[in-house]
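Engineer: The following block contains the structure, expressed as structure tokens.
Where a number appears in this text, it was derived from the coordinates with a stated rule and is not lab data. Computed from a predicted model, the values in this text were never measured in an experiment. Quick reminder, even Gly has a Cβ in these numbers, built from the backbone with ideal geometry, and neighbours come from all protein chains shown.
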Amino acid sequence: MIEIPARRGKAVQVKKGQKVKVINTRGQQVVDTWVFNTADLREFMSMDHSRVAIGRIIPGIGDALVTNKRRPILTLVEDTSGGIHDTLFAACDRWRYEALGCAGYHDNCTDNLAAGLAALGLEPPETPAPLNLFMNIPVIDGNRVEVRPPVSTPGSYVTLRAEMDCIVAFSACPQDLVPINGLDMRPTEAHFELLD
Ligand SMILES: [Zn+2]
């Protein structure tokens with residue numbers, strides 16, 4: 001098992017057909033997830049295109065998420081977390097924390113994506129909207145969105161199958177100003193495992 005340290009990012013090369021098991025070690029940690037085509041980083045998993053492909057806003061078992069070229073890149077094959085994830089919210093960034101009144105630098109998922117890829121000698125072409133695993137953003141009355149704590153429990157996980165050779169990047173979201181990562185608002189580590 002590989003740790004995604006609290007408030008940090010981590011990226012890994014994944015071969016077509018391999019699976020990535022993402023574990024919510026302590027139960028309340030949101031894990032922002034990005035996937036890039038290894039052969040061309042400008043092709044990446046797109047939440048906009050995926051919602052069209054799957055016909056809903058939260059992927060379920062068997063749903064294939066697609067790239068900005070509408071090709072399947074990642075399929076959700078297992079989920080013990082309660083099935084609540086988010087595809088609507090952008091990754092947090094320095095400006096999100098500035099807007100929340102944070103003075104000075106705050107760790108953020110956008111910088112974590114860049115750091116995770118940099119460790120592999122790569123650079124993201126942009127910060128795509130992530131698949132926010134375990135993030136609970138219900139749509140109220142078909143329109144309003146709310147920020148709620150995850151419904152996942154310690155040790156629960158999702159398993160994702162790569163549909164092409166790809167780079168998968170994670171960020172253990174450092175959000176501690178709204179209860180995205182639980183009512184304690186204390187970001188924690190998470191883990192992942194590569195399965196053949
Ligand atoms: Zn974040």
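Engineer: Given Phe89, Gln28, Thr159, which one lies farthest toward the positive end of the charge dipole of the chain, if we put +1 on the Cβ of every Lys and Arg and -1 on the Cβ of every Asp and Glu?
Structural biologist: Value: Thr159.
Engineer: Classify segment 1-69 as rounded, prolate or oblate, taking a ≥ b ≥ c as the square roots of the eigenvalues of its Cα gyration tensor: rounded when a/c is under 1.5, otherwise prolate if a/b is larger than b/c and oblate if not.
Structural biologist: Note, shape of segment 1-69 comes out oblate.
Engineer: Please give the net charge around Val158, taking every other residue with its beta carbon less than 14 angstrom from that of Val158, where Lys and Arg add +1 and Asp and Glu add -1.
Structural biologist: Neighbour charge sum, excluding Val158 itself: -3.
Engineer: Gain in length, Arg144 to Arg70, computed as 0.36 nm per residue apart minus the alpha-carbon separation, to one decimal in nm?
Structural biologist: Extending this stretch completely gives an extra 23.9 nm.
Engineer: With the dipole of the chain worked out from charges on the C-beta (+1 for Lys and Arg, -1 for Asp and Glu) around the Cα centre, which of Ile57, Ala190, Leu133 lies farthest toward the positive end?
Structural biologist: Toward the positive end, the furthest listed residue is Ile57.
Engineer: Roughly how many Å is it from the Cα centre of segment 128-196 to that of segment 51-121, as a whole number?
Structural biologist: Cα centroid to Cα centroid, the span is 8 Å.
Engineer: Mean-square fluctuation check for the chain, GNM, Cα pairs under 10 Å: which of Val30, Val158, Val178 is largest?
Structural biologist: Fluctuation is largest for Val178.
Engineer: Ok, one more. Relative to the Cα centre, what is the charge dipole magnitude of the chain, using +1 at the beta carbon of each Lys and Arg, -1 at the beta carbon of each Asp and Glu, and rounding to the nearest 20 debye?
Structural biologist: Using Cβ point charges on Lys, Arg, Asp and Glu, the chain gives about 260 debye.
Engineer: A further question follows. By the gyration tensor of its Cα atoms, with a ≥ b ≥ c the square roots of the eigenvalues, what is the shape of the chain: rounded for a/c under 1.5, prolate for a/b over b/c, or oblate?
Structural biologist: Details: a/c = 1.34, a/b = 1.20, b/c = 1.12.
It is rounded, given that a/c, with a ≥ b ≥ c, falls under 1.5.
Engineer: Considering only DSSP beta bridges where both residues belong to the chain, give the percentage that are antiparallel (nearest 5).
Structural biologist: On the way: 45 of 45 bridges.
Counting only bridges with both partners in the chain, antiparallel ones make up about 100 percent.
Engineer: Stretch Ile61-Leu41 to full length: gain in nm at 0.36 nm per residue minus the Cα-Cα span? Provide the component values of the computation, followed by the final result.
Structural biologist: Working: separation 20, 0.36 × 20 = 7.20 nm, distance 2.61 nm.
Result for the pair: 4.6 nm of gain on full extension.
Engineer: Any chance you could run the full-extension gain for Glu193 through Ala119? It's 0.36 nm times the residue separation minus the Cα-Cα distance, nm to one decimal.
Structural biologist: 24.8 nm
Engineer: Still on this structure: Considering only Val145, Val66, Val12, give the residue with the highest GNM mean-square fluctuation for the chain, with springs between Cα atoms whenever their separation is below 10 Å.
Structural biologist: Val145
Engineer: Would you mind calculating the relative contact order of the chain from Cα pairs under 8 angstrom and at least 6 residues apart, reporting the percent as a whole number?
Structural biologist: Dividing the mean separation by the residue count of the chain yields 44 percent.
Engineer: Another question, then. Where Rh is the Kirkwood radius over the Cα pairs of segment 104-196, the temperature 10 °C and the viscosity 1.306 mPa s, what D in µm²/s does Stokes-Einstein return?
Structural biologist: 103 µm²/s
Engineer: Using the basic label-point model (7 angstrom from Cα toward the beta carbon), what is the Leu100 to Asp165 distance in nanometres?
Structural biologist: My value for the distance between the label points is 3.8 nm.
Engineer: Still on this structure, please answer the following. Measure off 7 Å from each Cα along the Cα-to-Cβ vector at Lys16 and Met1, then give the distance between these two points in nanometres to one decimal.
Structural biologist: 3.2 nm
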